[in-house]
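Asks: Following this message is one structure expressed as structure tokens.
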Amino acid sequence: MSATLPIIDSETGGLRSPLAKPGILDVPTDTLRAWLAERRQPLMRVGQIRKQILANRATTFDAMSDLPKQLRVELADAFSVLSARVERHLFAKDDTHKLVIRLGDDRMIEAVLIQDDGRATACISTQVGCGMGCVFCASGLNGVVRNLTTGELLEQLVMLRNLTDANSTNPDRAPRLTNVVVMGMGEPLANLENLLEALSIAGDKNGLGIGARHVTISTVGLPAKIRKFAESGKQYSLAVSLHAPNDELRTRIVPTNDKTGLDAILAAADEFYEKTGRQVTYEYVVLGGLNDLPQHARQLAGLLTGRKAHVNLIPWNDVEGLPYKRPQDADLQNIIDTLRKNGVSVKVRKRKGSEIDAACGQLRRKVEVETNHRDTERFPAQRDEREPKESI
Ligand code: SF4
């Protein structure tokens, strides 16, 4: 009898076509071992196959030259190396790449590769859609559809890594991924289990070799999940998307704030620092005339003074169809000066890939419309109201 091959577990809501072959990175180790045992293959083949994809850049089973020829044929009959594929690939003059990725169930996500100063940073998605509903973000417009599987998380890293030049001798261009920021579509802490598993595999020397200290996970702030994340035992960094210095304004920008509130989020972030010794970064999208007034700068300084915190200011760039404005230079400078005067470390995030820049999730929506694959029509989604409540 054949070992049963998983068709993406129902818990995640995955709706893979029954004809599609499962991506081998999503096949549980025990299942893959059983499949190999039926073919009288040693268990070490599991590690060989994964190493070929993750470390050796194999994109077909046939290219896995350390496996017997017949096994490669049978693997190709049963599985795909990657279950997802690139639907759209944009790249900018500065070597920033943006991918719209079509998953095995036809849903789409975005992933970005940023290359500078010898670093190659992958920005990956963790969910299809997002339940957090930040007002400036297209990813959350239709709510959350499902969590990405561990394999789908790894596949994004593999696709972005495959865009780096393995033979690079340019000191500005790393020959592999050096950093990961989990800041794409979705709320990462709402998919923490799969994410930690994927990052652990990615961190292995037979995986992608990305050290934990080079991984940053961003959240709108789910206090219970921040505490759980702190218990991972790894040296990952935490970034909290603050975007406003008081509850009234933050709830207007990040609606789920009404169920959590800034105090609970900051308390959980403080605990994260105490437990891990890792400084917390606070992300602040600066929306002209909305959250960049002098009183906001003072309130922000008041919140963070005395905390082991760093602030990343992200000036908004005008996006067609959205009512937010780029901040005036003087207002941005005032926030910087006020924070520094109060001893809070602050930086303005550099824009990369400006030609392909867009608000989060906009490219994916555009591609969906163009390809007539609107998630909302095929698979109606709902805003995830549960997560923040459960997480307080
Ligand atoms: S900014 Fe992030 S958390 Fe907010 S809706 Fe977009 S994807 Fe979700």
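Condition check ((1) within 16 Å of the ligand (Cβ to nearest atom); (2) more than 27 Å from residue 132 (Cβ to Cβ)) across all residues:
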residue	(1), (2)
172	no, yes
177	no, no
181	yes, no
187	yes, no
225	yes, no
230	no, no
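Asks: Given the residues 226, 265, which is the only one that is within 17 Å of residue 191 (Cα to Cα) and not small (Gly, Ala, Ser)?
Replies: When all the criteria are applied, what remains is 226.
Asks: Between a first residue in the range 128-142 that is at positive phi and assigned by TED's automatic domain parsing to the domain that holds residue 259 and a second residue that is part of a loop (DSSP other than H, G, I, E, B) and more than 6 Å from the ligand (Cβ to nearest atom), which pairs have beta carbons less than 7 Å apart while being 6 or more apart in sequence or on different chains?
Replies: These pairs meet every condition: 129/142; 129/143; 129/381; 133/255; 133/256; 133/383.
Asks: Before we move on, is residue 101 within 16 Å of the ligand (Cβ to nearest atom) and buried (at least 16 other Cβ atoms within 10 Å of the Cβ)?
Replies: When the stated conditions are applied, residue 101 passes them.
Asks: When you look at residue 273, is it away from the ligand (no atom under 16 Å from the Cβ) and among the aromatic types (Phe, Trp, Tyr), yes or no?
Replies: Answer is yes for this residue.
Asks: Another question, if that's okay. With respect to residue 76, is the statement that it is outside any loop (DSSP other than H, G, I, E, B), over 17 Å from the mean Cα position of the chain (by Cα), surrounded by fewer than 17 Cβ atoms within 10 Å (Cβ to Cβ) and not polar (S, T, N, Q) true?
Replies: Judged against the criteria, residue 76 is a match.
Asks: Continuing with this model, one more query. I'm checking my understanding of the structure. Among residues of the range 107-132 that are of a type outside the set (A, V, I, L, M) and over 13 Å from residue 185 (Cβ atoms), which one is nearest to the ligand (Cβ to nearest atom)?
Replies: 121
Asks: Checking residue 318 against (1) in a helix (DSSP H, G or I); (2) surrounded by fewer than 19 Cβ atoms within 10 Å (Cβ to Cβ); (3) at pLDDT below 95, which test does it fail?
Replies: Exception for residue 318: condition (1).
The values are calculated or read from the model by the stated rules, or taken from the named source; none is laboratory data. Worth saying up front: this structure is predicted, and the values here are computed from it rather than measured. Reconstructed Cβ throughout: ideal geometry from the backbone, glycine too, with neighbour counts over all protein chains shown.
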